[in-house]
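Before any comments, here is the structure.
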Amino acid sequence: ELLMDTGRRPDEICRLPFACLDSDATGPVLIYTNFKTNRTGMRLPIAASTAQLIRDQQNRVQARFPETPIAELALLPASHGNPAGRNPMRATALTNVHRQWVDTAPPLVCADGSTFPPSLVVPYSWRHSYAQRHADAGTPMDVLRDLMCHRSTDTTQIYYRVTETRTRAAVERLSDRQYDADGHNVWRGAAALVDADHTRTRVSQTAVPFGICAEPSNVQAGGTAGMLDAILD
């Protein structure tokens with residue numbers, strides 16, 4: 001649940017200290033270490049339900065190891081060879097338990113009725129899911145970059161894709177504002193277009209930092225051509 005709710009890497013979750021929960025003026029905050037870039041004291045805003053999840057785990061751990069000082073406890077202590085609760089569980093142990101859980105869970109049915117392959121559901125995939133949910137909800141790129149603890153938005157963009165639903169919504173939001181040279185609304189029937197028509201429209205477009213571009217040379221270059229001109233415009 002912590003993997004799902006926070007989008008942190010498996011080792012970052014496994015090695016959370018007991019006292020990883022804080023709060024600020026806006027609400028609860030998770031304190032963690034980004035081991036990949038060796039950045040400590042990272043702060044991630046979390047939902048109240050996630051904070052309660054952590055408190056419940058803290059209570060379980062404290063009840064299990066009442067003699068160990070809180071400052072020395074791990075939030076997710078290892079199950080074996082850990083009599084005082086000081087050693088955190090390893091990412092490999094999490095992966096094994098996670099695999100057992102996924103393999104015994106009901107089929108994951110996608111929106112189109114197909115079944116998502118269970119073999120692709122690994123602990124790290126929840127980080128991609130976290131990014132995708134934020135992207136689908138319209139979280140600005142710079143905000144999502146910070147939530148993912150990335151130094152560059154180029155890295156953040158790897159973690160999600162622009163869905164057909166979002167592309168359709170973007171096109172249809174402008175449907176009443178598309179006119180030809182004679183002043184006629186050329187997208188009046190956009191809401192009635194079939195999926196194939198939307199797909200054909202996307203073929204002539206490419207994603208750029210602030211939306212989509214249909215300029216041929218830029219489409220061919222994958223969105224990197226003419227960026228200075230676009231900025232100046």
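Count, please, the residues in the stretch 50-71 that happen to be open to solvent by 80 Å² or more (accessible area, probe 1.4 Å) and among the acidic types (Asp, Glu).
1
Looking at the stretch 84-102, I want the residues that are open to solvent by 80 Å² or more (accessible area, probe 1.4 Å) and have a partner that is assigned to a helix (DSSP H, G or I) with Cβ atoms under 6 Å, at least 6 apart or on another chain. Which pairs are those?
Partner pairs satisfying both residue conditions: Arg86/Glu72.
Being open to solvent by less than 40 Å² (accessible area, probe 1.4 Å) and assigned to a loop (DSSP other than H, G, I, E, B) is the filter; apply it to the stretch 132-163 and report the residue that is modelled with the lowest pLDDT.
Taking the candidates together, the pick is Thr163.
Working carefully through the options Ser49, Ser119, Ser129, find the one that is closer than 29 Å to Asp146 by Cα and at pLDDT below 95. Please lay out each step first, then the result.
Details: Ser49 fails: at pLDDT below 95; Ser119 fails: closer than 29 Å to Asp146 by Cα.
Ser129 is the lone residue from the list that is closer than 29 Å to Asp146 by Cα and at pLDDT below 95.
Sort out for me the strands (runs of 3 or more DSSP E) sitting completely within the stretch 1-76 that have 1 or more residues that are without any contact (Cβ under 8 Å) to a residue 24 or more places away in the chain, in contact with a helix residue (DSSP H, G or I) (Cβ under 8 Å, 6 or more places away or on another chain) and of a type in the set (Val, Ile, Thr).
Numbers: elements: 21-24, 27-34, 39-45.
Per the criteria, 27-34.
When only residues in the stretch 12-45 that are more than 19 Å from Arg90 (Cβ to Cβ) and open to solvent by less than 40 Å² (accessible area, probe 1.4 Å) count, which is nearest to the chain's Cα centre (by Cα)?
Leu44
The values are calculated or read from the model by the stated rules, or taken from the named source; none is laboratory data. Here the structure is a predicted model, which means the values were calculated and not measured. All Cβ positions, glycine included, derive from the backbone under ideal geometry; neighbour counts span all protein chains shown. These area figures cover heavy atoms from the full protein model, side chains too; ligands, DNA and RNA do not enter into them. Shrake-Rupley method; radii C 1.70, N 1.55, O 1.52, S 1.80 Å.
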